[in-house]
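Worksheet: the structure to be examined is printed underneath.
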Amino acid sequence: MRLESLHAEPLVRPSNPIYASPVKSYAQVTQNIVTHARDYHKRFYADRMHFRGPALHFHRRALAESDYGLKIEFVYAALVAWGMNALAAEMVDFKDFSESMWELKDTVIAASTARLGSLREDDFQLLKKIFLGVNVMVGPPKLVGHAKLLAHFLPKAVPPIDRRHTLRFLFGTKNVLKGLSLHGQWNLFHEIIGSFFVPLSQHPGLLKKANKWIFQQEHGAGRNFPWDTSLPKLLDNLIIGATP
C-alpha cells in the first residue's frame, strides 16, 4: 500500500492544539505548485542566484561523495552552510554527529534505494529509524535539521524542509513545531512527505518539467539550474520560489 493512500483529503488534524491547521488542504497546495511551477522555478533562480558559495558548494560536494566517512563530514559542513548552526539553531559537536551516523550506516544503506515517488511504509520505517536516531541538533526543534540531513544522505527520497518556506507554505506559520516531542516531529515529517511531497512528485505534468530541468542540470546547460540536483530538491526550490 502506498503511504499517500493512508491520508484523506481534506486533511483532518488531531484535536491537539500543538498541531497547526493548514491554510488549505494538501491537494490544494499541491495544485498550486503544479499550476505555477514554471513561474516559481524562474523566481527561485531570479531571486537567489547569490545562493552560490559555501551553501551550494557543500550541498553538491556532499551529494557527490561516495565514501561514507567523508560524506558524514561534507553533510555536516553543508548543514552549517545552510544555516543550521546560526541564530537560534545550534548543531552538536562533529564527534557526536559522526558517531550517530556511523551507528545508522546500515540503515542509511538500506534506505538508499528509496525514491520519493514510490515511498512505501517499509521505506518510512527506515527513515523513522534515522530520524529518531541521528544526533545533529542541540535544541528540541529537530525536524528541519533532520530533514536537511536526510536530503543529503538520501537525496532521491527526501526533500529539505525548513520553517521559512516549507512550513509557512503548508501551514501559514513557521511555529508549527512548538511543543512537539521528537516523536511528534517525526509524525509531522511523515505526514508532510506522505500527504504532500509524494503526490506532488507523481504529478505527470510537473514531472515532465522537472525531468527537463534536472536533465539540463546534469548535462552542462544546468549551470543555470545548479540547485536542481534531484527531484526532491527541485520541489523544495519551487516552494522557495512560491514563498519569497
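Coordinate-derived values only; no laboratory data. Note that the coordinates shown come from a computational prediction; the quantities given were computed from them, not determined experimentally. Note: ideal-geometry Cβ built from the backbone for every residue, glycine included; neighbour counts use all protein chains shown.
Okay, here's what the table says:
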| read-out | value |
| --- | --- |
| Nonlocal amide H pairs with Met137, under 5 Å, H built at 1.01 Å | Val92 |
| Cα-based Rg and Dmax for the chain, where Dmax is the largest Cα-Cα distance (Å) | 16.9, 50 |
| Whole-Å distance, taken between Cα centres, linking the range 29-89 and the range 129-179 | 13 Å |
| Additional length obtainable on full extension of the chain from Ala86 to Arg60, 0.36 nm per residue less Cα span | 7.3 nm |
| Highest-fluctuation residue, Ala46, Ala157, Ala81 considered, GNM on the chain with Cα pairs under 10 Å | Ala46 |
| Lys209-Lys95 FRET efficiency (beta carbon distance; Förster radius 41 Å; 0.05 resolution) | 0.45 |
| Percent of alpha-carbon pairs separated by more than 19 Å within the range 157-210 | 33 percent |
